[in-house]
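Take a look at the structure set out below.
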Amino acid sequence: ESYSRIKEVEGKVDSFLQLTEENARQQAKDLDQVLTTEGVKGNLFGLPTGIKDNIVTKGIRTTCASKLLENFEPVHNATVVEKLAAANTVTIGKLNMDEFAMGSSNENSGFKVTRNPWDTNRVPGGSSGGSAASVASGEVLFSLGSDTGGSIREPAAFCGVVGLKPTYGRVSRFGLVAFASSLDQIGPITRTVEDNAFVLQTIAGYDKMDSTSANVEVPDYRVALTGDIKDLKIAVPKEYLGEGVAPEVREKIEQALKTLESLGATWEEVSLPHSKYANAAYYILSSSEASANLARFDGIRYGKRMEDTNLIETYRKTRSQGFGDEVKRRIMLGTFALSSGYYDAYYKKAQQVRTLIKQDFDEVFKKYDVIIGPTAPTTAFKIGEKMNDPLTMYATDILTIPMNLAGVPAISVPAGLADGLPVGLQIIGNYFEESTVYRVAHAFE
Ligand code: GLN
C-alpha cells in the first residue's frame, strides 16, 4: 500500500509537496466498485501514481514548487491527468521539483529539497526529482515528470529508474505549466521499460487543446518489447564520451555497448559536431521563452497577491517575493536576450544553432537506428555541491539538452552502479520512434 510505504520513507526522501490521501481513498473505493462489476480494466488499473507539481490537477493545489503559486487551485485537469484517470489509476499526491522546472537537483524548490533514495546526502536530480525519487523509493509505481532540457532523464539516471522524454508533440502539453513551450514534454518515470511503455501508451496522442501536439498515430508499444535487437545499428557520438564524462560513467556505457553487441547489434562512432553549442543555445532560448511564459504570474491572475499601493507596485512586490533566485535569473537573461538591439545577436543566433543541432541528428539517423551515450556526465552529486555556481549546475545537462533542441525522443535506463550510485544509459531515437527506443531499452534491461 502506497501510503504505508510513504510513512516509512517519506521522512527520508521528501518526494511529495502534497499527499492527496482522501481523494485517493475515494478513487480506490470507486475502483473496487468497478472491479466487482466489470473486473480489471486496462494495464494501469488501480496503480498508484504521483504527478509532478507543474501539471495541473483540478481542485488540487498545483504550485510548480513556487511560493508565488503556493495556494493556486486549478479549475481543470491537464490532458494527461484526464487520461490517467480514464485508465483508472490512483493519484497519491503532487511531487516536488525545481521551481518552474528550472534546475537539475531539486535544490531550487521554493519549499524543500528532495533527497536521493540511494544516498540521502545526494540530490535526486532535477527538475523532476520528486518524480524520480518517489518511484525509486517505492512510494508510487510510476510518476509523471516534464523534460525541457533533461528534467525527466537526469533524475531517472541519478535515482536508478527508467525515464522517457517523448518526441516533441507526442504527448499533450495542455495543463503543463509552460517553462519553454518549444522544448517542454511530459513523460513517464517507471521502474521498468515495460511499465514505461504502458504509461506512454495511455498518455500519448493528438489533443485538440494543444496545437503543438502531433496528429501522428500512436503505435502499440508492446509490440516492440521482444528483446530482439539483431542487426540494429547504433551510433555512439564521440562528443558524448569525451572530456567532462566521469571515467566510472564511461566504463558503464562501454560495458552497455558490449552487452548490446552480444545481443546482435552493431555500433560505430559518429560525430554530432554542434553538440558543444547546445547549452549556450538552450539557455538563451529556454530563458527567452520562460521570460514570456512567466509574465502571466503577476499576482492578479493566479496564486498569491502581495498588495501594494498601486498595480505596478503590486506586480513588483508579488514577483520579487514570489519567485526564487534561479527563476529571476532566467527571466532577466530572457528579457535581455529578447530586447531590441540584442535580439539578432542572441535569440536569432541561438535559433540558427538549434537548426544545426537538429541537422546533426537528421544526418546520423539516415544511417543508424538509435544513438547511445550516458544520460549525465556524473552520478548524483552531493546536496549543496553545485548551488553556488550556476554554470557548473547547467553543465549537468550537457548530454540531455540537444534532444530537446532537436525534438527527438530519448530514454534513460539503469546501466549499473558506480561506487554504489546508479548510472543512466541514454538511448535516443528518430522522431516518433519511441518504439525503437523501447525495443533497445527493453533488450538491454
Ligand atoms: N536543468 C535544465 C534547466 O535548468 C533542464 C530543466 C528541465 O528540463 N525542465 O533548465
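What to note about this one:
- Test for Ser131: is it within 16 Å of the ligand (Cβ to nearest atom), within 13 Å of the chain's Cα centre (by Cα) and assigned to a loop (DSSP other than H, G, I, E, B): no
- Whichever residue in the stretch 293-319 is within 27 Å of the chain's Cα centre (by Cα) and surrounded by 16 or more Cβ atoms within 10 Å (Cβ to Cβ) and, among such residues, is farthest from Phe361 (Cα to Cα): Lys304
- Within the stretch 366-377, the only residue that satisfies the criterion of being within 14 Å of the ligand (Cβ to nearest atom) and either assigned to a helix (DSSP H, G or I) or surrounded by fewer than 24 Cβ atoms within 10 Å (Cβ to Cβ) (or both) is Pro377.
- Taken together, Glu326, Glu363 contain a single residue that is surrounded by fewer than 21 Cβ atoms within 10 Å (Cβ to Cβ), away from the ligand (no atom under 14 Å from the Cβ) and among the charged types (D, E, K, R), which is Glu363.
- Within the stretch 143-170, residues that are within 16 Å of Met403 (Cα to Cα) and in a helix (DSSP H, G or I) reach partners that are of a type in the set (D, E, K, R) and within 13 Å of the ligand (Cβ to nearest atom) with beta carbons closer than 8 Å, at six or more positions or on different chains, in the pairs Arg153/Asp147; Arg153/Lys165; Glu154/Asp397.
- The stretch 170-190, subset of a type in the set (A, V, I, L, M) and over 19 Å from Phe142 (Cα atoms), residue surrounded by the most Cβ atoms within 10 Å (Cβ to Cβ): Val177
- Qualifying residue in the stretch 122-134 (condition: surrounded by fewer than 24 Cβ atoms within 10 Å (Cβ to Cβ), out of contact with any Asp or Glu (no Cβ under 6 Å at 6 or more places or on another chain) and not hydrophobic (A, V, I, L, M, F, W, C)): yes
- Residues that are more than 12 Å from the ligand (Cβ to nearest atom) and either surrounded by 18 or more Cβ atoms within 10 Å (Cβ to Cβ) or under 12 Å from Gly149 (Cβ atoms) (or both), drawn from the stretch 378-401: Thr378, Thr379, Ala380, Phe381, Ile383
- Pick from the stretch 153-169, criterion within 16 Å of the ligand (Cβ to nearest atom) and within 22 Å of Pro219 (Cα to Cα), ranking: surrounded by the most Cβ atoms within 10 Å (Cβ to Cβ): Lys165
- Among residues of the stretch 331-358, those that are within 13 Å of Ala278 (Cβ to Cβ) and either among the aliphatic types (A, V, I, L, M) or modelled with pLDDT under 95 (or both), counted: 4
- Criterion (more than 13 Å from the ligand (Cβ to nearest atom) and closer than 22 Å to Met97 by Cβ) met by exactly one of Pro188, Pro219: Pro188
- A single member of Leu17, Leu68 is assigned to a strand (DSSP E or B), at pLDDT 95 or above and either of a type in the set (Phe, Trp, Tyr) or within 30 Å of Thr148 (Cβ to Cβ) (or both), and it is Leu17.
- Residue list for the stretch 135-152, restricted to those being within 11 Å of the ligand (Cβ to nearest atom) and either surrounded by fewer than 24 Cβ atoms within 10 Å (Cβ to Cβ) or among the hydrophobic types (A, V, I, L, M, F, W, C) (or both): Ile152
- Of all residues making up the stretch 179-220, the number that are hydroxyl-bearing (Ser, Thr, Tyr) and under 22 Å from Ala415 (Cα atoms): 2
- Residue in the stretch 102-117 that is within 16 Å of the ligand (Cβ to nearest atom) and either among the aromatic types (Phe, Trp, Tyr) or part of a helix (DSSP H, G or I) (or both) present: no
- Top-ranked residue in the stretch 351-360 [being crowded, with 18+ Cβ neighbours inside 10 Å and charged (D, E, K, R); ranked as nearest to Leu285 (Cα to Cα)]: Arg354
- Selection status of Tyr431, among the aromatic types (Phe, Trp, Tyr) and either within 16 Å of the ligand (Cβ to nearest atom) or assigned to a strand (DSSP E or B) (or both): no
- Test: residue in the stretch 26-41 that is crowded, with 23+ Cβ neighbours inside 10 Å and touching a residue at least 60 places away in the same chain (Cβ under 8 Å): no
- Of all the criteria given as (1) in a loop (DSSP other than H, G, I, E, B); (2) within 17 Å of Gln185 (Cα to Cα); (3) touching a Pro at 6+ places or on another chain (Cβ under 6 Å), the one not satisfied by Pro124 is (2).
- The set of residues in the stretch 74-90 being among the β-branched types (Val, Ile, Thr) and under 15 Å from Asn54 (Cβ atoms) consists of Thr79, Val80, Val81.
The values are calculated or read from the model by the stated rules, or taken from the named source; none is laboratory data. All values reported here derive from a predicted model rather than from experimental measurement. Here Cβ is always computed from backbone atoms with ideal geometry, including for glycine, and neighbour counts include all displayed protein chains.
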